Amino acid sequence: MRTINLCAKRIIDLIGSIIGVIILSPILIIIALAIKLTSSGPIFFKQERLGKNGKPFKIIKFRTMVVN
């Protein structure tokens, strides 16, 4: 029974994330265009941070600060 619940949860998570990406993609495109049109430099800010137990992970987010 536990395996069935985990599979069902995984399927629901995947469907929900796909729907979320579809709904949010126009907003994300508008934000990316606004960043590119208003300032020079990259659209995304990339950085490596430390996570749980000191394990590094990469974060990618929209750039909100000016370059230099």
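For PHE45, the residues 5 or more places off, or on other chains, whose built amide H falls under 5 Å of its own are LYS61, PHE62, ARG63. In the chain, the longest principal axis of the Cα atoms and the axis of helix 2-38 are about 10 degrees apart.
Sort 26-39, 49-62 by the packing proxy (mean of other Cβ within 10 Å over each peptide's residues), most packed first. Before the final figure, lay out the partial values.
On the way: 26-39: 11.1, 49-62: 8.6.
My ranking of the peptides, most packed first, is 26-39, 49-62.
Return one whole number: the accessible area per residue of the chain in Å², for a 1.4 Å probe. Walk me through the intermediate numbers first.
Values: 6270 Å² over 68 residues.
Ligands and nucleic acids excluded, the figure is 92 Å² per residue.
For the chain, the carbon plus sulfur part of the accessible surface works out to 71%, probe radius 1.4 Å.
The values are calculated or read from the model by the stated rules, or taken from the named source; none is laboratory data. Computed from a predicted structure; not experimentally measured. Glycine gets a Cβ as well: all are built from the backbone with ideal geometry, and neighbour counts include every protein chain shown. Calculation scope for accessible area: heavy atoms of the full protein, side chains included, ligands and nucleic acids excluded. Shrake-Rupley method; radii C 1.70, N 1.55, O 1.52, S 1.80 Å.
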